[in-house]
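The values are calculated or read from the model by the stated rules, or taken from the named source; none is laboratory data. No experiment lies behind these values; they were computed from the predicted model shown. Virtual Cβ from ideal backbone geometry, glycine too; neighbours counted across all protein chains shown.
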Amino acid sequence: MITLEMVEKLCSKADVTYDEARSALTEAGGDILEAIIALEKQGKVKAPDNGGKYSSQDSAIPQAAYSGQENADRSHQYTNHKNSKKFSSSIKNFIHWCGRIINKGNNNFLDMTKEGQTVIVMPVTAVVLLLVFAFWIVVPISILALFFGYKFSFRGKELGTEKVNSVMEKVSQTTDNIKQEIKHDLD
């Protein structure tokens, strides 16, 4: 099936009209390279400047006709193109991964409660950013909050599980135990 994209691509590559490109692609069965070769044979496309010709053969086969330096240059260009595609693909995958992580962080929340009443609700993304950029402020304030009877829990699809919240509850119990021991020692 010949698409508009294919016709437009052939028009830009071969500098031919839309109708010429469409008919060449139809004759070539949708193969753009074969269509370029057919247009070249018809005299509608000028041959490449370096004196070569368009070919539908594998690029590794005709390279034998080139000098060693030309082969090295072509191989180097192919490798660079291949590496740039791998790199851009890796960057794209990394950006998608970051997007998924941020989305999960925005859909999960840290709740700070005291005596059953919610005091602060923050998306996990904000908590992580605070920990990264203000670690020395956030951690001591969190510890002090635990000693003043505040409790922390997570809610959301990924972090609102019983396992995670049972750990948070154990932290609260441990601080309560430490508080009781300190009170006992002072009395």
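Which of the residues belonging to segment 132-155 are among the small types (Gly, Ala, Ser) and within 17 Å of MET122 (Cα to Cα)? Within segment 132-155, ALA134, SER142, ALA145, SER153 meet the criteria. The lone criterion from (1) at pLDDT 60 or above; (2) part of a helix (DSSP H, G or I) left unmet by THR113 is number (2). Just for segment 2-33: of the residues that are of a type in the set (Lys, Arg) and modelled with pLDDT of 85 or more, which one is farthest from LYS46 (Cα to Cα)? That would be ARG22. Filtering LEU146, LEU110 for residues that are touching a helix residue (DSSP H, G or I) at 6+ places or on another chain (Cβ under 8 Å) and closer than 23 Å to ILE178 by Cα leaves a single hit, LEU146.
Please find, among PHE148, PHE152, PHE135, the residue that is surrounded by 12 or more Cβ atoms within 10 Å (Cβ to Cβ) and among the hydrophobic types (A, V, I, L, M, F, W, C). If you could, list the steps in order and put the result at the bottom.
Details: PHE148 fails: surrounded by 12 or more Cβ atoms within 10 Å (Cβ to Cβ); PHE135 fails: surrounded by 12 or more Cβ atoms within 10 Å (Cβ to Cβ).
Being surrounded by 12 or more Cβ atoms within 10 Å (Cβ to Cβ) and among the hydrophobic types (A, V, I, L, M, F, W, C) holds for just one of PHE148, PHE152, PHE135, which is PHE152.
Any residue at all in segment 164-176 that's without any contact (Cβ under 8 Å) to a residue 12 or more places away in the chain and within 18 Å of VAL121 (Cβ to Cβ)? There is at least one residue in segment 164-176 that is without any contact (Cβ under 8 Å) to a residue 12 or more places away in the chain and within 18 Å of VAL121 (Cβ to Cβ). Among the criteria (1) modelled with pLDDT of 90 or more; (2) within 20 Å of the chain's Cα centre (by Cα); (3) among the polar types (S, T, N, Q), the one ASN177 does not fulfil is (2).
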